[in-house]
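Note sheet for the following structure.
Please treat every number below as a calculation from the coordinates, not as lab data. From a predicted model like this one, the values you see are computed outputs, not experimental measurements. Positions of Cβ are backbone-derived with ideal geometry, glycine not excepted, and every protein chain shown enters the neighbour counts.
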Amino acid sequence: MSSNNNTSITLAILQLQSGFYYSSLILGFILLIGGVLGNILNIIIFIKFGNYKNNACSLYMFVRTFLDLNMLLAGLATRILATGFQTDFTLMNRIWCKTRLGFTDINGITTYTLICLQAIDAFICSSPSVGVRQKSNIRIARYLIIGTLCFCFIHEIPYFIFQDLVNVGGTPMCITTNTIYAQYRSYVVSLGIITTIPITVISTFGFLTVQHMKTIAVTRTLSSLTRQTISMALFQIVALLVFNSPFATWQIYSIITANVVKDTYRRVVEQLITSFIATYAYGPYAVN
């Protein structure tokens, strides 16, 4: 009886692995190909019309387009190679191990910050008050973008120091060697900076922007460019909520159950879900 149970569990695990493997691989290719083409087209359109030179929200979107393209090529493409074709360069090259996630984190944190600034700017541009709408300033937007990039680079310096390629039981692993910093990344970076804070900020200002846009008198005073920019900002807010909320939920679950004793089947299922969610979380970089 025990042998039959073990056989059933093994078959169930193999079926789950096969299902998650193909679904994650297909999703990854869809996001990669569609995202790269879409972001390249966005860059062409932004350069052609030049709206980013005079509109703060457009500037945030324009800069984000380059960041999203880089995230897809450096982050998602290498993830597809690792999960789909068992070619993980972080386990082959120490420099890549120490830099890959650090640079993708700089990219990711900057992107989420710009989405928050974009949501705030959309709220300002849709305000019934002329004085508030005038607060949307292209010069301030440039300073905020530069400041965000500088902060993110400084913030990731410890990662480049503590992340390393080490042998654990004869198996090469690219891990954070400092326990305290690893906990900081789990609780503050993953759960706070790139999930909870962006979702809270964009949800709040997105809701307020929608309330502004429902006012007919306000929408009639907005220029066509401003209306289009606000619509794009709202769409990107929705996209972030759709793709980032499951990641945030899974992060919370992982932290809560970190010390729970789990059987083999549950551990395998959680590893598969983690791998799929990690690919799914690249959605915000591809939907632009």
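Spin-label model, GLN15 to ILE45: label points 7 Å out along the Cα-to-beta-carbon direction sit 4.4 nm apart. Can you tell me the orientation of helix 138-155 relative to the chain, as the angle in degrees between its alpha-carbon axis and the longest Cα principal axis, to the nearest 10? Roughly 20 degrees, rounded to the nearest 10. In order along the range 255-262, the Karplus-derived 3J(HN,Hα) couplings, from 6.51 cos²θ - 1.76 cosθ + 1.60 at θ = phi - 60°, round to 5, 5, 9, 4, 9, 7, 6, 10 Hz, and Gly and Pro are given as x. The Rg/Rh ratio of the chain, with both radii computed over alpha carbons and Rh defined as the Kirkwood radius, is 1.03.
The slack between ARG142 and LEU81, meaning 0.36 nm per residue of separation minus the straight C-alpha distance, is 18.4 nm. Magnitude of the charge dipole for the chain, about its Cα centre and with charges confined to Cβ atoms of Lys, Arg (+1) and Asp, Glu (-1), is about 820 debye.
Using the beta-carbon distance between VAL210 and ARG133 and R0 = 22 Å, what value does 1/(1 + (r/R0)^6) give for FRET efficiency, to the nearest 0.05?
Plugging the Cβ-Cβ distance into 1/(1 + (r/R0)^6) gives 0.85.
Projecting label points 7 angstrom from Cα along Cα→Cβ for TRP96 and TYR187 puts them 3.4 nm apart. The C-alpha atoms of the chain define a longest principal axis, and helix 2-49 lies at about 30 degrees to it. Here's how it looks for GLN163: its modeled amide H is under 5 Å from those of THR177, which are all 5 or more places away or on a different chain. Report summary: the helix-based calculation at 222 nm, which adds -39500 (n - 2.57) for every DSSP H run with n ≥ 4 and divides by the residues of the chain, gives -25000 deg cm²/dmol. For the range 206-215, 3J(HN,Hα) computed residue by residue from phi via the Karplus equation (6.51, -1.76, 1.60; θ = phi - 60°) reads x, 4, 5, 5, 4, 4, 5, 5, 6, 7 Hz, glycine and proline entered as x.
Which lysines have a Cα lying under 23 Å from the Cα of LYS135, excluding residues fewer than 8 positions away in the same chain? Partners found: LYS53, LYS214.
Each other residue within a Cβ distance under 15 Å of ILE193 adds +1 if Lys or Arg and -1 if Asp or Glu, for a net charge of -1. Count Lys and Arg as plus one, Asp and Glu as minus one, and take only other residues whose Cβ is under 14 Å from that of ALA233; the net charge is then +1. Converting phi to 3J(HN,Hα) with the Karplus coefficients 6.51, -1.76 and 1.60 and the offset θ = phi - 60°, the range 272-281 yields 5, 5, 4, 5, 5, 4, 4, 6, 4, 5 Hz in sequence order, with x at every glycine or proline.
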